[in-house]
């Protein structure tokens, strides 16, 4: 184990009548180290890229078939206003958790939506299966579909469920 101290023998090897000892930090001593104790390590598992893409494709298909994807023509705001974003979500009929996919960084939209507890903002190139399946509704502009199609392949474009400006 990794405990401090114990650099010298507690008593000499022979002549004391006691059992030989090498250190006061040996595992069988009080205050000694742990034998084969837990070591910090990563439990991460690697998954093949093609398998990850297939899982993302399948999750998008499930969401599209359940009509839980809302595709907007454009998503932009003049100024960062949470109240305006909340009104837009109400107009779209989103009352609980929603994933807002953006094609690229858009400060006004991100600042408007980040304080809404039921909305998560994510860039389209960071899309993952956990977020896709963990949210009831997926809201994205048409440009986000192009970004997703660029790293998934052309056959994965989800069908437009609701068109809104």
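Taken over the range 105-131, the residue count meeting the criterion of being exposed (fewer than 15 other Cβ atoms within 10 Å of the Cβ), closer than 18 Å to residue 73 by Cα and in contact with a helix residue (DSSP H, G or I) (Cβ under 8 Å, 6 or more places away or on another chain) is 0.
Going by what's in this entry, would residue 11 be described as loosely packed, with under 14 Cβ neighbours inside 10 Å, at pLDDT 90 or above and not in a helix (DSSP H, G or I)? So residue 11 passes the test. Just one of the listed residues (93, 134) is surrounded by fewer than 17 Cβ atoms within 10 Å (Cβ to Cβ) and on the phi > 0 side of the Ramachandran plot, namely 93. Criterion applied to 74, 68 was being touching a helix residue (DSSP H, G or I) at 6+ places or on another chain (Cβ under 9 Å) and exposed (fewer than 10 other Cβ atoms within 10 Å of the Cβ), and the one residue passing it is 74.
The values are calculated or read from the model by the stated rules, or taken from the named source; none is laboratory data. Remember, it's a predicted structure, so these values are computed and weren't measured experimentally. Ideal geometry is used to build each Cβ from the backbone, glycine not excepted, and the neighbour counts take in all protein chains shown.
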